[in-house]
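All remarks here apply to the structure that follows.
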Amino acid sequence: MANGVANGVANGVANDPNAVAANGQRNVANFAFGLSPGKGGGGPLVFNGTLARGGTIGATEAIGLPLVWVEPRGNGTGFNALFIQRKDAALAGLTYTVEFSANVSAWRPRRC
């Protein structure tokens with residue numbers, strides 16, 4: 001495996017999923033979002049467009065941390081989260097859950 005927790009020994013964090021890798025992200029995030037723990041970066045996905053009108057992920061490879069943004073929606077505001085999931089997420093034991101909060105103390109999960 002080129003990315004993720006399997007590279008823990010090579011990046012000096014002994015496969016600890018909560019250890020911070022050389023790219024500044026925890027190993028579990030590197031594993032879940034396809035990032036390389038031994039390289040710099042680890043930034044968010046790039047999305048070109050709007051959800052209302054469509055768009056594309058702007059990276060040559062669809063890897064990166066979740067992207068969160070706000071855009072107008074009707075008479076209100078829409079809060080959006082874009083993230084990728086591993087094709088083998090269930091086999092790898094990963095569950096992706098997006099949570100939203102109006103006050104940062106009560107969270108509403110949106111399981112994906």
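Got at least one residue in the range 87-100 being out of contact with any strand residue (DSSP E or B) (no Cβ under 6 Å at 6 or more places or on another chain), among the aromatic types (Phe, Trp, Tyr) and modelled with pLDDT of 85 or more? There is at least one residue in the range 87-100 that is out of contact with any strand residue (DSSP E or B) (no Cβ under 6 Å at 6 or more places or on another chain), among the aromatic types (Phe, Trp, Tyr) and modelled with pLDDT of 85 or more. Among the numbered conditions (1) under 14 Å from the mean Cα position of the chain (by Cα); (2) in a strand (DSSP E or B); (3) at pLDDT below 80, the only one that Arg110 does not meet is (1).
Could you tell me whether Arg73 is at pLDDT below 85, closer than 24 Å to Thr97 by Cβ and basic (Lys, Arg)? So that I can check it myself, show each step before the final result.
Working: at pLDDT below 85: yes; closer than 24 Å to Thr97 by Cβ: yes; basic (Lys, Arg): yes.
Criteria met by Arg73.
Considering each residue of the range 71-86 in turn, none proves to be aromatic (Phe, Trp, Tyr) and more than 24 Å from Gly49 (Cβ to Cβ). Of all residues in the range 48-59, those satisfying the criterion of being within 19 Å of the chain's Cα centre (by Cα) and farther than 17 Å from Thr77 by Cβ are Asn48, Gly49, Gly55, Thr56, Ile57, Gly58, Ala59.
The values are calculated or read from the model by the stated rules, or taken from the named source; none is laboratory data. As the structure is a computational prediction, the values presented were derived from the model and not from experiment. Cβ sites come from the backbone with ideal geometry, for glycine too, and all protein chains shown count toward neighbours.
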